[in-house]
1. Would you mention how many residues in the stretch 81-91 are under 29 Å from GLY14 (Cβ atoms) and exposed (fewer than 13 other Cβ atoms within 10 Å of the Cβ)?
2. Across the stretch 54-79, what is the total count of residues that are surrounded by 14 or more Cβ atoms within 10 Å (Cβ to Cβ) and within 13 Å of the ligand (Cβ to nearest atom)?
3. Quickly run through the stretch 18-52 and pick out the residues that are loosely packed, with under 12 Cβ neighbours inside 10 Å and either in contact (Cβ under 8 Å) with a residue 40 or more places away in the chain or not in a strand (DSSP E or B) (or both).
4. Within the stretch 59-79, identify whether any single residue is assigned to a strand (DSSP E or B) and more than 14 Å from the chain's Cα centre (by Cα), and answer yes or no.
5. Under 7 Å by Cβ, and 6 or more places apart or on different chains, what pairs join a residue from the stretch 88-103 that is in contact (Cβ under 8 Å) with a residue 40 or more places away in the chain and more than 10 Å from CYS72 (Cα to Cα) with one that is within 8 Å of the ligand (Cβ to nearest atom) and not in a strand (DSSP E or B)?
6. Sort out which residues of the stretch 80-103 are hydrophobic (A, V, I, L, M, F, W, C), more than 9 Å from the ligand (Cβ to nearest atom) and not in a strand (DSSP E or B), and write them in order of number.
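Rule-based calculations on the coordinates, nothing more; no lab input. Being a predicted model, the structure only gives us computed values, none of them experimental. Neighbour counts are summed over all protein chains in view; Cβ atoms, including those assigned to glycine, are modelled from backbone coordinates with ideal geometry.
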Amino acid sequence: MNIRKNDTVLVIAGKDKGKKGKVRFAYPENKRIMVEGVNFIKKHSKAQGAAKQAGIIEREALLPVSNVMLLCSKCNKPARVGFRFLADGRKVRFCRACNEVID
Ligand SMILES: [Zn+2]
């Protein structure tokens, strides 16, 4: 998966299309991510002891990683991501728009 936790992404599909946010969680095995402020859902919850109040809570839901594009921190564009190997053998991501290494 080419999106990771703490990346800034642009939503390109779905009801939050056009929003930007930081990736809070990434689940590569499900190809899903959670992005700050994106894909809010309302959840009805019952009280569970003193810590949790009953009511409707809003929180972000997971969205498919295919709905977002990485925003390149170097050129500030939604970037198609490529991979390359550094001289020391590390595999890093790079932005296909400006060619800068992202990691
Ligand atoms: Zn770039």
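1. Residues meeting the conditions: 1.
2. The qualifying residues number 8.
3. GLY18, GLU29, ASN30, LYS46, ALA47, GLY49, ALA50, ALA51
4. yes
5. Short answer, once both residue conditions are applied: ARG93/ILE102.
6. Of everything in the stretch 80-103, those that are hydrophobic (A, V, I, L, M, F, W, C), more than 9 Å from the ligand (Cβ to nearest atom) and not in a strand (DSSP E or B) turn out to be LEU86, ALA87.
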